[in-house]
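Read the structure below first, then the notes.
Bear in mind that the values in this text are calculations on the coordinates, not laboratory data. Just so we're clear, the structure is a prediction, and the values are computed from it rather than from any experiment. With ideal geometry, Cβ positions are generated from the backbone for all residues, glycine too; neighbour counts draw on all protein chains shown.
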């Protein structure tokens, strides 16, 4: 699990959201076998959370999507493609959504697995 990964990005449907960066927070649940790594105590037998962090950072900060749903889908698909995972749960939080009113954040959560 990875909680509270913080990035700056330009995601949203409004023009101002495409031009001005805003914070996004990502939570990840990564599903893979940990048996071998648990016995070998070797990083090559597991998924490096450092590599995962920078992989997600590249997507959140380097691309732009209208919807946080699309951001979550792209993160999930890329993680499943580039890491030895069986499934992933991605939660994308948007704490500064352009909504009048008081709130902590708006968020979407998806679960995707290999078929």
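Some values worked out for this structure:
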quantity	calculated
Net length gained if the chain between residue 48 and residue 113 were fully extended (0.36 nm per residue, minus Cα distance)	21.5 nm
Near-label residues of segment 67-94 by backbone N, under 17 Å of a point 7 Å along Cα→Cβ of residue 6	92-94
Cα-projected label distance for residue 55 with residue 15, points at 7 Å along beta-carbon direction, nm	3.8 nm
Antiparallel DSSP beta bridges within the chain, as percent of all bridges there, nearest 5	100 percent
Gyration tensor verdict on the chain (Cα atoms; rounded if a/c is under 1.5, prolate if a/b is larger than b/c, oblate otherwise)	prolate
Using alpha-carbon coordinates, inclination of helix 49-62 to the longest axis of the chain, degrees	30 degrees
C-alpha long axis of helix 68-82 to longest principal axis of the chain, angle in °	20 degrees
Cβ-derived FRET efficiency at R0 35 Å, residue 105 paired with residue 40, nearest 0.05	0.35
